[in-house]
Every structure is written in C-alpha cells, then in structure tokens.
C-alpha cells in the first residue's frame, strides 16, 4: 500500500509539472505568433505627379536620391499606367488594385448618368461626395477596419470617403463648406461649365505648402505614441510645371530635380534622423509621365459635329462625348466619316479590351482617342491663342508610353534589384502583403511583383530556421498534451481512478 501511495504521489507531481510546462509552451507559442504579426512593417507611399520615367532612365535630370534607392533597394524601369493616364484614376488604382472601370473614378472629369451629375476632380464639392467613391475601398480604409492606423496627406480623392484616415491633411482651400450646401443645389453647381464656375469654385488644391513641411508633419505622426502603419503622400510636381512649360524644358528638369532633393532626399534623411530608415518600407511612384502637345496639334470638334448636339465632358488627351440617345449614331458617323489620321473614334462597346475601360456607366457612349500629342477641343472660340507648347497626359500608355516610375527601399525589399515592368494595379496586393492584411477583390497580381521582396530571394523549397522553429513551437504543446493525457489515463487506470 505504501508503494502504491508513493507512486500515486509521484504521478500527481508529474501531472502538475506537465500542466505547468504545457501552459508555458502555450504562452511562448502565442508570443511567437504575435512576433510574426509585428513583423509587418510600416509602409510609406509617395506619389510624385507627372515624374517622367524616360528622363530618369536617360539621365536628362539629376536624381541622386532616387539613384541611391535604386542601388540600395528595388526599382523598375516603369509601371504600366492605367487608362486614362490621368491623376485621379491612377491614384485610385494604386490604393484599390482596380482598373478605373471597376473602381468608378474613370477620369479626372466624368458624367454619371444615374446621378445626372458631373464629377470634376477637386474643383467642386463632388470630390467630397462619397457616392462617387462607393464602388471601391482604398487600402488605408481596409487597414483601419482591421484595427490599425493610417495617414494621408494630399492624396487625390481620399476626402471623398465618409470615414477619414486616422491622421490626415485636407488638400484644398474651401471658401464654401460643401456640407453646408443644400444637396438640391449641388447638382446645378457641379454641372456648371468651367466658364460659369465662379462663384462656385468651392475647393481649390493648396499647393503653396512646401514638400518639406508636409514631410515634417508626416514625421510627427510617425514619431507619435500611436504611429500610423500606412502613410500616403502626394506631391503635385513636376506635373504642374510640365503643364505650364512643356517637358523638354529647363523648368521641367529643375522641377524633377527639386522633387528628388526636397521630397525624396528630405524624406529619407528625416527617416534616418528618426532612426526609422531601416524600419519602414518606402515606395516612390508617379501616376503617369507626360508628352508635349502644341497649338498646331488640336482637333476641333466643331469641324465635324453640331456643337448644340453634344457635351464634351472631358477634352484634351481624351474626348468624352455625351449626347441624347437618338443622336449617338449620327455623331459617331460624322466623326468617323472625317477619317482623321489623328483620332480614333469608338462607341463604348468597341473600346479596346486592353484599355480595361468600358464596363462602367460613367464611360461615355462615344470615346475619342486622339493620336499621341494631339488634343481634343470643342471649338476655336475658347482655344488658347498664339503658338505654344505644353505638357499633357491622358493618352493610353500603351500608345504614349506615359508610364510611371517605381523605387522602393526598406526591410522587406531586396537590395540593388531591378524588376521587370508591372501593372499599376499590382502595387495594391504588394502593399497588402507588406501590411499583413487581406486584400479585397482586385485586378492586381502579387505573383508579378513578389520577387522584389527579401522573403522570395531564396528558393521557396528551402526551409528557414525561423520557419522550423515556428513549426516546432506550434506542434510542441500538442505533442506534450497527447503524451500527458496518455500517461494520465494509463496511470489512473492502474489506481482505479477511471
């Protein structure tokens, strides 16, 4: 009997020790899991509007800071811009991974036949009306819904969402509070032509704030007690200069170099000074390139169709024609009959599939696709006088090569790697991967960009020490529990405890 009692006492001690070990292993496993989750670093996305990739490639402009990132991080010759190569649709594609026909921001200006209203980028209250943005959810909002924090500074379109980023700065000067305007009056204000806008210019982009000041604000967010995990920053240059002076000019060259110095260089130095340079993933992109156009390359629609029978909702490098249903065929025939070598004319259903730009109600019934460098004008009456050359964009990148730049640096990226060109929509699943969040349905492909990440540098079949340790940690509690329970059952049976 004494021997049996001693054995039973030893069993109880062993059982208690086993439970303690099991509890400790469970805690350690949970810690390891949390450590893996914490490895998803912060992502900073910077857009440099209109930065021409060809001028970096051929060294037209001196960009030592971008060159440094190319040597110590990842670069691509270019990113394939979505159609149209305009600011609003491309910035929305960056953050949603969707083509414009899917996210609904089909151009800088467009007509919505259901709302019977015109969207005009940032020049009126439309940009702050969430109904225009309801088809897609940007990455910063998805991140916030997962319980994390985000920050946005001057990113096109972000203010249109009902829910705002954790940290943000509005990109506009608004003499009129759009929320105070009677909704019944908004439609009339939005549908007013450009010449009739005053006094209906509600929100104008404030470009007076230097990029260094914007970056200082972002750094204050990053150094706060509750820093954001995702930051999006928009810089309007060199696009603004290119529109005014053209791209083959000293002014445009100077603007590119200023962006490299005052945005890229200043941000990287700020991160270094804050001991964050090797802890965050920074991505620099542009939304499109630019092409010169001139006074001698204008197509005036009044030469082909009756001005009273259509609306040119957007012109320039694209032509959006809206008209009464009964006039569509006649207008289309008159335009195609012109047989101009400088413009292709499509009915909506015949727009090339590779444009990914026809399956949306906001796509016009007639789309004019001018030759690269040529622009669409309604009439000569309000045409810019004199001889001039300026920069523009919007032509399909397939034709115009109006692609974007890409540079990335950070703990997740390989060093000194140049990857093949990829699509604008591929950036979204890449950023979701970096942030550790589940991407929403999108048109992008992680497969096309994952090779730039360090974790894909070695063959996937080669197990890492960290992976083996994690596997061991996850299985150990299960094995120990099984052994403990087996021993307990057998021992209990010996003492009649079952």
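Cα convex hull of the range 340-431: how many Å³ per residue?
Roughly 183 Å³ of hull volume per residue.
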### Query
In nm, what is the difference between 0.36 nm times the number of residues separating residue 445 and residue 330 and their Cα-Cα distance?
37.2 nm
## Note on the structure
Listed with the fewest Cβ neighbours within 10 Å leading, 248, 256 appear as 248, 256
#### Entry: Euclidean distance of C-alpha centroids, the range 131-160 and the range 298-331, integer Å
35
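Can you tell me how the range 291-366 classifies by the Cα gyration tensor, rounded, prolate or oblate, using a/c under 1.5 as the rounded cut?
Numbers: a/c = 1.59, a/b = 1.11, b/c = 1.43.
Oblate, since a/c reaches 1.5 and b/c is not below a/b.
No lab work stands behind these numbers, since they all come straight from the coordinates. Because the structure is a prediction, the values reported are computed rather than measured. Heads up, the Cβs are rebuilt from the backbone with ideal geometry, glycines too, and the neighbour counts pull from every protein chain shown.
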